[in-house]
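Step one of this worksheet: look at the structure below.
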Amino acid sequence: MTKLNLTTEGDRYVVATRYCAASPEAVYRAHVEPELIQQWMLGPEGWTMPVCVNEAHPGGKSRYEWSDGKGAGFYPTGEFLELEPFSRIVHIERMHLPDPTPDNHIETKFTQEGAGTLITMRMTLPDAETRAAMLATGMEHGMEAGYVRLEAIALPLG
Amino acid sequence: MSQLDATFSALSDPTRRAILARLALGELTVMELARPFDMTQPAVSRHLKVLEGAGLIVRRVDGAKRPCRLAPAGIDAIDQWLSMLRAALEANYDRLDTVLAAMSRSDNMKRKDTR
């Protein structure tokens, strides 16, 4: 039940779903509170997020800085468009590799399912050039583990 | 092992995904591939053998060299990117489970405290 499901929607979107055994409120908080985000949105093993700015209100900015502790790092920045506690977050983000990738539009929904929560994240599928850049960066930074790494990682990877 | 299993198994390795990403830009020899990886040519050759077995790359003979390129019918770049995204998200969500479990424990403790 907790298995990640990843599908493409046409050639424009990627949809990821994942069930978590916690309330929508808890899962939502883990997506907006910096000290919680820093504990899990990390991509590959061995990476940390020393800087996490997450202004969770419409128009607020986000900046996640990942580090492998050896001097390598990359980061996404973003802006929040809509927040509906504890059910939905819409934000845009771009990865700095270090050149910024085109904006990725991400909608994250939290739906009560039984005693837990289904996370549905729908994001823009990056264009071929961006995918190649992310893959190349992922390989450079060992964005595995796991992300992305480049889940973001790059990921995004948020 | 079915062809699909062979494909996923070949893609499960970050170095092999990196090799595919480089080959997406064009044909390369083992020597050219080994250079940025800080890896010996025999090590790269082993990865190439796996990729070839999975039908992801093809090699041709050019004198003593055997340059590689992506197999035309091989898995496309979108799938490579998705496989990287999947790996990153799986690692993230597994850690999220741990964070959520800790939140629920500390909530229970707070509740006891205020009782």
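The values are calculated or read from the model by the stated rules, or taken from the named source; none is laboratory data. Since the structure is predicted, the reported quantities are computational estimates derived from the model, not experimental observations. Here Cβ is always computed from backbone atoms with ideal geometry, including for glycine, and neighbour counts include all displayed protein chains.
Brief remarks on what is shown
- Out of B:L89, B:L100, one residue alone is of a type outside the set (K, R), within 30 Å of B:F8 (Cα to Cα), at pLDDT 80 or above and not in a strand (DSSP E or B). It is B:L89.
- If the condition is being part of a strand (DSSP E or B), more than 9 Å from every other protein chain (Cβ to nearest Cβ) and closer than 19 Å to A:T124 by Cβ, then the range A:8-23 contributes A:E9, A:Y13, A:V15, A:T17.
- The residues listed here are A:E79, A:E84, A:E151, A:E93; of these, the one that is of a type in the set (D, E, K, R), modelled with pLDDT of 95 or more and surrounded by 15 or more Cβ atoms within 10 Å (Cβ to Cβ) is A:E79.
- A:Y75 meets all of the listed conditions (1) more than 25 Å from A:E9 (Cα to Cα); (2) in a strand (DSSP E or B); (3) touching a Ser or Thr at 6+ places or on another chain (Cβ under 8 Å) but one, namely (3).
- Of note, A:A26 satisfies the criterion of being within 9 Å of chain B (Cβ to nearest Cβ) and either in a helix (DSSP H, G or I) or out of contact with any helix residue (DSSP H, G or I) (no Cβ under 8 Å at 6 or more places or on another chain) (or both).
- Screening the range B:1-51 for helices (runs of 4 or more DSSP H) wholly inside it with 1 or more residues that are away from chain A (no Cβ under 14 Å) returns the ranges B:3-11, B:30-34.
- Cβ-Cβ under 6 Å pairs, at least 6 apart or on other chains, the range B:86-97 side more than 7 Å from chain A (Cβ to nearest Cβ), far side surrounded by fewer than 24 Cβ atoms within 10 Å (Cβ to Cβ): none
- Residues being assigned to a loop (DSSP other than H, G, I, E, B), within 17 Å of A:G59 (Cβ to Cβ) and under 16 Å from the mean Cα position of the chain (by Cα) - total across the range A:78-112: 1
- Scanning the range A:20-44 for residues that are touching a Leu at 6+ places or on another chain (Cβ under 8 Å) and surrounded by fewer than 19 Cβ atoms within 10 Å (Cβ to Cβ) turns up just one, A:A21.
- Scanning the range A:96-129 for residues that are of a type in the set (F, W, Y) and either surrounded by fewer than 20 Cβ atoms within 10 Å (Cβ to Cβ) or more than 13 Å from chain B (Cβ to nearest Cβ) (or both) yields nothing.
- Annotation note: Cβ proximity below 9 Å between a residue of the range B:40-67 that is on the phi > 0 side of the Ramachandran plot and a residue that is exposed (fewer than 13 other Cβ atoms within 10 Å of the Cβ) (sequence gap 6+ or interchain) occurs for B:G55/B:Q3; B:G55/B:A73.
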